[in-house]
Amino acid sequence: MPETLSQLLDDSVLAMPIAAGLIMGALTINVLMLVWAERKVSAWIQRRMGPTEVGPFGLLQTLADMLKLISKQLITPSNVDKPLFHLAPLLAFAPVIAAVALMPFSKSLILVQNDFGLLFVFAFGGIAVIAIFMAGWGSNNKYALLGAIRSVAQSISYEIPLILSALSVVLVVNAMGFTLASGGSIVVANGLDLSHIVMAQDQHGLWFVLVQPIAAIIYFISALAETNRAPFDIPEAESELVAGFHTEYSGMRFSMFFFAEYTNMLIVSMLAVVLFFGGWDGPVLPGPLWFFLKSYMVIFVMMWVRWTFPRLRFDQLMTFCWKVMIPLSILNLLATAFVVAVL
Amino acid sequence: MTNAVPPEATPGGGDGEVYSLNMGPQHPSMHGVLRLLLDLKGEEVVKAKPVVGYSHRAHEKMAENRNTLQFLPNTSRIDYLSGMIYNLGYCQAIEKILGIEVSERAVYIRVIANELNRISSHLLWFGTFLLDLGGITPFLYSFDDREEILDILDQVTGSRLTYCYGRFGGVTMDVDEDFLARTTAFLARIRERLGMYDDLVAKNVILRERCINVGVISTEMAKSYGVTGPSLRASGVVYDVRRAEPYGGYEKFDFDVPVLHEGDTMARFHIRISEIEESCKIIEQAIKGIPEGAILPKKMPKRFKIPEGEYYFAVESARGHFGMYIVGDGTDVPAKLKLRTPSFSNLSAMPEALAGTMLADTIAIVGSIDVVMPEIDR
Amino acid sequence: MSKALLEVLEPFTSSSEESDYGATGIHRRHTTTLDNLARVCEAFLGAGYIFEMLSCIDLREKEEIMRLCYTFNSLETADRHLVHADIAGGLEAESFEAPSISSLARGADWQERETFEMYGVTFVNHPELERLLLPEDADFFPLRKDFGRIEDAEAQDD
């Protein structure tokens, strides 16, 4: 059975659609679980129960919500910029799926092997910004526009510390080498290759969060800002802007933005696990299981932060990025470069 | 430090276009039905104009068409969050005009009920203020505390929110040992909770960033607009009607009137938290000293005729100075009843306080003033 | 209540008497004319008092006037002064006018708007005399005594 499946995937022209279908299925289940987890975690923090009715422990609640959203009428407000309005959800949706394909789930289980995996992930993240702005502008709605403006400014600004902190890890990986299991020769590690980053941590038994703690913290905060999560959720601030850039979207289109947001959360946490927490490294349990467990732990911390803090005002958010995060990440990078050069 | 944002700092730029944004009357954040017409340049508010009147129910006209006793249930609907204070305040006003004696026990019960109402109003304000700022969790905790107060008052009055507990001369139902025990237990609980709110909320750096030096109301501005209540006390003026014109037994109790001088949102926040503690002190003293006795006078007139003349009576509600100006003409239907509500004057200071602030601060500032729209619209 | 304040008020008030605070809640009552109203306000505000309330009593039928009632209070020690200013006019009078004090006490802004829409008293020199609580297109004055009387309402057969 596995042989025919892998033969099927390797040889036939159906490989692409099947792989795509598998990824979509996995991601959909993931989003369902994450939304359920969000509601449960927020409920427990707020001394409530969360969903309990639909399915055991309310597990099927998100499915019911998705079915409801799919069955809703697609309302297009008048005077919207039709191409932008219709294209935005799709453009928000597509890059995140592509980025998942690059993640190393275990030593051999990578969907797309690529020498520059890290760069690709960040590139796809950049496309999402365009989608947000298209949504805000195309909606012909002042609230949406305000939300889009804020979101775009926030995303572009926080990409910088995000990438700089990842670069620090790349420098460390490039300096280390590691031995491949077969062969036994020292391989010069390519820091941009995601599987190399994990293997370097695995071989030296040292998670990079211990080597680069500042980079880890900067990365985590920037990740919160990139995914528009509280305390950086000004673009979606319900109490100010109704719903920010996706105010005018209803039904399936809204669920696409929703899907994109939660998958984005998954990607940044998977990347955090790859960069700092050893990827699939771990005793006893199989690699992919550890990978997912660690990613979900990071997501849990993101949810915990969301329900604890109020939100930052927009100019405070930008000040924090440009005056604190970026200088700090540059200093970290310089220090890392210095240490790597000396040792 | 002023609120004004230098033109270069705003995303829209100094000579960008001014566009208008309408917030409300239906809006996830505005407390009650308030419509704010904002003229914005980028993120900076150039001009803010509140539009009120969406919940105008003609209370003053109703007062002129009903006799004094019939108007009693209306009083707690004027400001439903301080319903007990308003209801008992109206009773005290008529008692003062007609010279009706209130028994000691009723006085103490009224003080306990008033202060419990004040705590519940401040707790609600605390939860919704943080909700507007994005911190959703404290809302559920403060409402949990508030539920306990509502249950306690429900036990004795029969209502959770809009009370008609007072009668001219006393209160309707007597309180029993269970009520006093529950209230004492509640005091212990809220004091512990205030410690938690202080650690997690008041010391939270994001909250402090959003509230310190935001929405500064100077002393001169507050006095000119007639702002009263915690907003006035945060701007440096020690004015509490319970101290300035003692009524209803407050002269017997020992409590402080907290005052701060910064006049910003953080100061108003701290004042309200301090007021919860002060109310706890008052309730404690009242429970300790409550005497036995009747709660209503034995003989009560059937009609309460207001002698000719003009009268003014003020109480301290959770929002400030609530005054009733009553004109009598010898019958039991007042010729005129004017309700001078604190939120009316507090909100009228908003256009000046909001000019030059950022959009996100608008929510914080209006929230920190603690307006209740039905009180403004009556 | 300082003697200095009373001396300042003396030329602008036509009557000024003590009132029993314990029974009425008012320390002192004054009567003034519309022309002297601004001066009286200035005197109070200059002495550190705040403008507390503005109201109006509809006495067109009984005394052929609209009576404006202002209260000023001190925030240091309670000292409430009630000031009356009468606008002449009976039931048939077309309009009632009074000077606005909103430039002196900014809290009077909204109170005057409310008095305008409820009683029809126009305040001259008010920056923006619009309806506050009622809809913009309301053309009636609700708190006048001849409006909305229950006995004037049409009987309805349900």
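Pairs of Cα atoms under 8 Å, at least six residues apart: use those to get the relative contact order of the range A:263-343, whole percent.
Numbers: 35 pairs, mean separation 17.9, N = 81.
The value is 22 percent.
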**Item:** Label-point separation in nm, residue C:42 to residue A:334, each point 7 Å along Cα→Cβ
**Value:** 6.4
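Filter the chymotrypsin sites (Phe, Trp or Tyr not before Pro) in the range B:309-378 to those in DSSP coil with at most 10 other Cβ atoms within 10 Å of their Cβ, and list the result. Let's see the in-between values first.
On the way: sites: B:311, B:312, B:313, B:322, B:325, B:344; in loops: none.
Taking the range B:309-378 and a limit of 10 other Cβ atoms within 10 Å, no loop chymotrypsin sites (Phe, Trp or Tyr not before Pro) are found.
Take the Cβ-Cβ distance between residue B:355 and residue A:18 as r, set R0 to 45 Å, and report the resulting FRET efficiency rounded to the nearest 0.05. Walk me through the numbers before you get to the answer.
Numbers: r = 61 Å, r/R0 = 1.37.
Efficiency, from the Cβ-Cβ distance: 0.15.
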**Complete:** Bounding extents of chain A in its principal axis frame from Cα atoms, largest first in Å, are 64, 56, 44
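Any idea what the dipole of the protein assembly as shown comes to, in debye rounded to 20, about its Cα centre with Lys/Arg Cβ at +1 and Asp/Glu Cβ at -1? Could the numbers behind the result be given before it?
Numbers: 72 positive and 104 negative charges, 366 e Å.
Dipole magnitude for the protein assembly as shown comes out near 1760 debye.
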**Request:** Give me the net charge of residue A:58's neighbourhood, meaning all other residues with Cβ under 14 Å from the Cβ of residue A:58; Lys, Arg count +1, Asp, Glu -1.
**Result:** 0
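For the pairs C:3/C:62; B:223/B:338; A:40/A:82; B:47/C:145; B:49/B:336; A:40/A:72, flag any whose C-alpha to C-alpha distance is greater than 28 Å. Walk me through the intermediate numbers first.
Numbers: C:3/C:62 35 Å; B:223/B:338 21 Å; A:40/A:82 37 Å; B:47/C:145 37 Å; B:49/B:336 30 Å; A:40/A:72 25 Å.
Flagged as over cut-off: C:3/C:62; A:40/A:82; B:47/C:145; B:49/B:336.
Past the 24 angstrom mark, what percentage of all C-alpha to C-alpha distances in the range B:59-377 do you count?
On the way: 26860 of 50721 pairs.
So the portion of pairs separated by more than 24 Å is 53 percent.
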**Message:** With 10 angstrom as the radius, rank A:41, B:107, B:371 by how many other C-beta atoms surround their C-beta, starting from the fewest.
**Reply:** A:41, B:107, B:371
**Complete:** Taking chain A and counting helices only, DSSP H stretches of n ≥ 4 at -39,500 (n - 2.57) each over all residues, the nearest-500 ellipticity at 222 nm comes to -22000 deg cm²/dmol
**Request:** Could you work out which residue, out of A:61, A:113, A:73, moves most in a Gaussian network model of chain A, that is, has the largest mean-square fluctuation with Cα springs under 10 Å?
**Result:** A:73
**Message:** Using +1 at the C-beta of Lys and Arg and -1 at the C-beta of Asp and Glu, which of A:329, A:50, A:207 has the Cα lying farthest in the positive direction of the dipole of chain A?
**Reply:** A:50
**Message:** Through the Karplus equation 6.51 cos²θ - 1.76 cosθ + 1.60, θ set to phi - 60°, convert the phi angles of the range B:292-305 into ³J(HN,Hα) values in whole Hz; use x for Gly and Pro.
**Reply:** 7, x, 7, 10, 9, x, 5, 10, 10, x, 7, 10, 10, 8
**Nearest-ten-degree value, helix A:2-11 long axis tilted from longest Cα axis of chain A** = 80
**Message:** With +1 assigned to the C-beta of every Lys and Arg and -1 to the C-beta of every Asp and Glu, and no other charges, what is the dipole magnitude of chain B about the Cα centre in debye, to the nearest 20?
**Reply:** 1140
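Within chain B, which is the longest segment that contains none of the GluC sites (Glu not before Pro) sitting in a DSSP loop with at most 14 other Cβ atoms within 10 Å? It would help to have the intermediate numbers written out before the result.
Values: sites that count: B:17, B:101, B:292, B:308.
Longest run free of exposed loop sites: B:102-291.
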**Request:** Only bridges with both residues in the protein assembly as shown count here: give the DSSP antiparallel percent, nearest 5.
**Result:** 85
**Prompt:** For residue A:113 and residue C:152, FRET efficiency with R0 = 60 Å and r from the beta-carbon atoms, rounded to 0.05?
**Reply:** 0.10
**Message:** Looking at chain B as a GNM with Cα springs under 10 Å, which of B:137, B:128, B:341 has the largest mean-square fluctuation?
**Reply:** B:137
**Message:** Please list 3J(HN,Hα) in residue order for the range A:322-332, calculated via the Karplus relation 6.51 cos²θ - 1.76 cosθ + 1.60 where θ = phi - 60°; whole Hz, with x for glycine and proline.
**Reply:** 6, 9, 10, 5, 5, x, 5, 6, 5, 4, 4
**Asked** How high is the FRET efficiency between residue A:94 and residue C:6 when r is their beta carbon distance and R₀ equals 51 Å, given to the nearest 0.05?
**Response** 0.05
**Request:** Count neighbours as other Cβ atoms within 10 Å of each site's Cβ, and list the GluC sites (Glu not before Pro) in the range C:73-155 that are DSSP loop with at most 14 such neighbours.
**Result:** C:76, C:92, C:94, C:128, C:130, C:136, C:154
**Prompt:** Between B:25, B:263, B:71, whose Cα lies farthest towards the positive end of the dipole of chain B when Lys and Arg beta carbons carry +1 and Asp and Glu beta carbons carry -1, centred on the Cα centre?
**Reply:** B:71
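Express the relative contact order of chain B as a whole percentage, based on alpha carbon pairs under 8 Å and six or more residues apart in sequence.
Details: 713 pairs, mean separation 97.8, N = 378.
In percent, rounded to a whole number, it is 26.
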**Asked** Amide H to amide H under 5 Å from residue C:25: which residues, 5+ apart in sequence or cross-chain, H placed 1.01 Å off N in plane?
**Response** B:312
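For A:322, A:36, what's the fewest-to-most ordering of other Cβ within 10 Å of each Cβ?
On the way: A:322 14, A:36 22.
Neighbour counts put them in this order, fewest first: A:322, A:36.
Only Cα pairs under 8 Å and at least 6 apart count here; give the relative contact order of chain A as a rounded whole percent. Write out the running numbers ahead of the final one.
On the way: 496 pairs, mean separation 73.6, N = 343.
For chain A, the relative contact order is 21 percent.
Computed over the Cα atoms of the range C:3-152, what is the ratio Rg over Rh, Rh following Kirkwood?
Numbers: Rg = 15.9 Å, Rh = 16.2 Å.
Looking at the range C:3-152, the ratio lands at 0.98.
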**Fill in**
Expected vector for the range B:348-354, Karplus 3J(HN,Hα) from phi with 6.51, -1.76, 1.60 and θ = phi - 60°, integer Hz, x for Gly and Pro, equals 5, 7, 5, x, 6, 6, 8
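None of the figures in this text is laboratory data; all of them are computed from the coordinates on show. Note that the coordinates shown come from a computational prediction; the quantities given were computed from them, not determined experimentally. Please note: Cβ atoms are built from the backbone with ideal geometry, for glycine as well, and neighbour counts cover all protein chains shown.
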